[in-house]
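Chemist: For reference, the structure I am asking about is given below.
The values are calculated or read from the model by the stated rules, or taken from the named source; none is laboratory data. Given the structure is predicted, the values throughout are model-derived calculations rather than measurements. Every residue, glycine as well, gets a Cβ built from its backbone with ideal geometry; the counts of neighbours run over all protein chains shown.
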4 protein chains.
Amino acid sequence: MFEHACRLRVRYAETDRMGYVYYGVYAQYFEVARVEALRALGISYREMEDGGVMLPVHDLSLKYHKPALYDDELTIIARISTLPTVRIRFTYEVRNGRDVLLTEGETTLVFVDKVTGRPCRAPQDLLDRMSPYFS
Amino acid sequence: MFEHACRLRVRYAETDRMGYVYYGVYAQYFEVARVEALRALGISYREMEDGGVMLPVHDLSLKYHKPALYDDELTIIARISTLPTVRIRFTYEVRNGRDVLLTEGETTLVFVDKVTGRPCRAPQDLLDRMSPYFS
Amino acid sequence: MFEHACRLRVRYAETDRMGYVYYGVYAQYFEVARVEALRALGISYREMEDGGVMLPVHDLSLKYHKPALYDDELTIIARISTLPTVRIRFTYEVRNGRDVLLTEGETTLVFVDKVTGRPCRAPQDLLDRMSPYFS
Amino acid sequence: MFEHACRLRVRYAETDRMGYVYYGVYAQYFEVARVEALRALGISYREMEDGGVMLPVHDLSLKYHKPALYDDELTIIARISTLPTVRIRFTYEVRNGRDVLLTEGETTLVFVDKVTGRPCRAPQDLLDRMSPYFS
């Protein structure tokens with residue numbers, strides 16, 4: 001298993017008139033968490049995409065336990081539990097500054113060859129960097 | 001079952017550098033679809049909230065089949081399959097102008113009393129307006 | 001002068017914890033208004049961009065007189081006062097359902113050739129369609 | 001004069017199909033920069049708002065010199081040039097990792113008493129913390 005935690009602070013823009021973080025904003029938080037998880041492994045998502053492999057999201061699920069609030073400093077934990085194939089699966093936890101679990105989620109993303117538009121195997125470099133965590 | 005379709009056009013702001021609608025934006029599309037579904041029943045979500053009943057989202061799931069693109073005119077279909085209790089469940093379909101299914105999703109929302117902060121039963125007026133569709 | 005009005009309804013996602021439409025969201029409203037203004041002239045911004053001419057924003061200014069609120073049905077008026085050259089200037093007014101002026105703004109956009117990345121003259125078709133309004 | 005710099009990384013969500021940061025997103029970046037500028041002075045915007053003083057934006061202006069791109073690590077510099085009265089004026093610069101100036105902007109915000117809804121003087125604590133920079 002590979003796990004990485006990153007922190008971000010809730011923006012005013014991300015709140016709604018209930019005073020909560022809008023439920024669609026967590027998709028952005030998950031994006032930040034998985035990009036930072038890859039970066040911690042030495043992988044730049046931007047470079048991978050510029051190199052011809054895109055990673056569109058195939059599915060998303062989210063459970064909202066408690067609201068995140070304006071200016072909260074959140075910890076977003078991203079986990080990869082199985083070595084990627086043509087897909088990569090992340091699970092996420094969002095916790096506030098008092099370590100209360102606010103939100104849980106999952107995404108599956110598919111490696112897609114930009115030229116053919118077809119699913120493809122995860123880049124070898126990514127597999128090489130991840131495999132030590134899955135032996 | 002109650003079903004309502006609404007249309008909206010993809011904004012430039014909603015696209016990402018892949019040229020697709022960003023995966024988190026569908027949460028907004030679903031919000032528009034369920035508010036318009038309620039409005040078609042004669043229910044104003046704003047008035048319900050001003051009247052003391054909030055409806056935060058409890059869970060969300062999404063499957064992305066094909067990307068929505070800039071300036072696409074989308075049809076968002078919202079369905080309610082069971083009469084609400086303390087919860088209301090919507091399923092959604094997003095289709096483009098050629099009636100291709102792009103995205104499917106579901107949300108569960110919980111009726112919450114603003115004063116107590118506790119879950120509560122769906123407002124009677126809402127149940128009265130919905131019940132003809134579930135007999 | 002050319003003028004076009006479009007309507008849109010404030011989404012929950014667009015409000016903030018003050019209960020107002022977040023101040024950055026008006027950029028999206030202006031985008032919708034100018035794209036619809038062009039469409040009313042028979043010009044598809046998407047086709048123009050696919051045809052090789054982009055229209056990035058050069059400057060934006062906004063005055064916030066009164067807040068727009070959740071579920072308000074807004075009218076966004078976009079005006080073009082001078083025939084475009086390498087630039088096109090829009091002014092905007094945002095009014096609520098009781099015709100109260102909420103926000104005023106301006107944008108200048110620059111026609112850019114996608115291949116060279118350099119500013120270019122407005123497409124002839126656009127000039128032909130606009131010129132009747134500026135004689 | 002008081003000046004504070006903060007850094008943030010461009011999210012995929014913030015890009016558009018041109019591959020640029022969407023022009024309305026800078027309003028969020030400016031929000032982050034001014035909240036962090038206040039925090040550097042020992043002032044929590046959240047606490048100020050919870051204490052009864054809101055700070056809605058009165059006007060915004062922006063000049064877009066060069067696009068910010070996905071995954072760029074941006075520096076946002078916020079400056080306050082005059083001691084606030086009932087208003088506070090910020091100017092901003094957005095620079096990329098190679099210190100290229102991408103965007104410049106300004107905002108004026110108004111202190112508003114939450115109870116009366118009327119403009120009010122800046123809180124004394126804020127003035128006390130800022131005044132050393134304006135003597």
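Chemist: Can you tell me which residues in region A:1-37 are in a helix (DSSP H, G or I) and either farther than 28 Å from C:ALA13 by Cβ or more than 8 Å from every other protein chain (Cβ to nearest Cβ) (or both)?
Modeler: Taking region A:1-37 first, the residues in a helix (DSSP H, G or I) are A:12-14, A:26-37.
Answer for region A:1-37, where residues must be in a helix (DSSP H, G or I) and either farther than 28 Å from C:ALA13 by Cβ or more than 8 Å from every other protein chain (Cβ to nearest Cβ) (or both): A:GLU14, A:TYR29, A:PHE30, A:ALA33, A:ARG34, A:GLU36, A:ALA37.
Chemist: For D:TYR20, only one of the following conditions fails: (1) touching a Pro at 6+ places or on another chain (Cβ under 6 Å); (2) surrounded by fewer than 17 Cβ atoms within 10 Å (Cβ to Cβ). What is its number?
Modeler: Condition not satisfied by D:TYR20: (2).
Chemist: Is it the case that B:LEU126 is part of a helix (DSSP H, G or I) and either over 22 Å from A:GLY24 (Cα atoms) or in contact with a His (Cβ under 6 Å, 6 or more places away or on another chain) (or both)?
Modeler: Judged against the criteria, B:LEU126 is a match.
Chemist: B:GLU31 versus (1) touching a residue at least 24 places away in the same chain (Cβ under 8 Å); (2) under 22 Å from B:SER81 (Cβ atoms): which is the lone unmet condition?
Modeler: Unmet condition: (1).
Chemist: Another one. Filtering region A:38-63 down to residues that are out of contact with any strand residue (DSSP E or B) (no Cβ under 9 Å at 6 or more places or on another chain) and surrounded by 16 or more Cβ atoms within 10 Å (Cβ to Cβ), which residue is farthest from the other protein chains (Cβ to nearest Cβ)?
Modeler: Of region A:38-63, the ones out of contact with any strand residue (DSSP E or B) (no Cβ under 9 Å at 6 or more places or on another chain) are A:42-45, A:47, A:49-51.
With surrounded by 16 or more Cβ atoms within 10 Å (Cβ to Cβ) added as a condition, the list becomes A:43, A:45, A:49.
Working: A:ILE43: 12, A:TYR45: 7, A:GLU49: 8 Å.
Of everything passing the filter in region A:38-63, A:ILE43 is farthest from the other protein chains (Cβ to nearest Cβ).
Chemist: Which of the residues that make up region A:82-122 are of a type in the set (Gly, Ala, Ser) and under 28 Å from A:GLU14 (Cβ atoms)?
Modeler: A:GLY97, A:GLY105
Chemist: Another question, then. For A:TYR12, indicate whether it is within 28 Å of B:GLU104 (Cα to Cα), buried (at least 21 other Cβ atoms within 10 Å of the Cβ) and not hydrophobic (A, V, I, L, M, F, W, C).
Modeler: No.
Chemist: Would you confirm, using the coordinates I've provided, whether A:VAL94 is surrounded by 13 or more Cβ atoms within 10 Å (Cβ to Cβ), at pLDDT 95 or above, under 24 Å from B:MET18 (Cα atoms) and of a type outside the set (Ser, Thr, Tyr)?
Modeler: No, not satisfied.
Chemist: Right, next: Out of B:ARG46, B:ARG118, B:ARG87, B:ARG79, report the one residue that is farther than 25 Å from A:LYS66 by Cβ and of a type in the set (D, E, K, R).
Modeler: After ruling out the rest, the residue left standing is B:ARG79.
Chemist: Still on this structure, I have one more. Please state which of the following conditions C:LEU83 fails to meet, knowing it meets all the rest: (1) away from chain D (no Cβ under 11 Å); (2) crowded, with 16+ Cβ neighbours inside 10 Å; (3) more than 13 Å from the chain's Cα centre (by Cα); (4) among the aliphatic types (A, V, I, L, M).
Modeler: (2)
Chemist: Any idea which of A:THR75, A:THR103 is surrounded by fewer than 18 Cβ atoms within 10 Å (Cβ to Cβ), touching a residue at least 60 places away in the same chain (Cβ under 8 Å), among the β-branched types (Val, Ile, Thr) and within 16 Å of A:VAL21 (Cα to Cα)?
Modeler: A:THR75
Chemist: Right, something else. I'm told D:ARG79 meets every condition in (1) in contact with a strand residue (DSSP E or B) (Cβ under 7 Å, 6 or more places away or on another chain); (2) of a type outside the set (Ser, Thr, Tyr); (3) within 30 Å of A:VAL35 (Cα to Cα) except one. Can you identify the failing condition by its number?
Modeler: (3)
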